[in-house]
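A.B. asks: Can you read through this structure? Questions will come right after.
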Amino acid sequence: MTSLSITVMTLNLHEGNQPSESPNSWEKRRDICVSVITSYSPTILCTQQGGRGCYRIWFPSLVSCS
């Protein structure tokens, strides 16, 4: 019998309209989010509150599908 192991990650991106000087601004959190995602290397990544169609801009190194 063959077993299959998958890893699922959920991440609330909270892209929102934070001022750039805010510690919660996307510009200050983007690299941290990418680092966390790549360190866990999930099989399935679920996100919340990300802008539609922006994943190619935010995470160009993670997007491998069209």
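A.B. asks: Tell me, please, whether a residue that is modelled with pLDDT of 70 or more, small (G, A, S) and assigned to a loop (DSSP other than H, G, I, E, B) can be found in the stretch 54-63.
C.D. replies: Kept after step one, since they are modelled with pLDDT of 70 or more, are these residues of the stretch 54-63: none.
No; the residues of the stretch 54-63 include none that is modelled with pLDDT of 70 or more, small (G, A, S) and assigned to a loop (DSSP other than H, G, I, E, B).
A.B. asks: Another one. Take the residues of the stretch 24-53 that are at pLDDT 85 or above and part of a loop (DSSP other than H, G, I, E, B): which is farthest from V8 (Cα to Cα)?
C.D. replies: Among residues in the stretch 24-53 that are at pLDDT 85 or above and part of a loop (DSSP other than H, G, I, E, B), the one farthest from V8 (Cα to Cα) is S41.
The values are calculated or read from the model by the stated rules, or taken from the named source; none is laboratory data. These numbers were taken from a predicted model, which means no experiment stands behind them.
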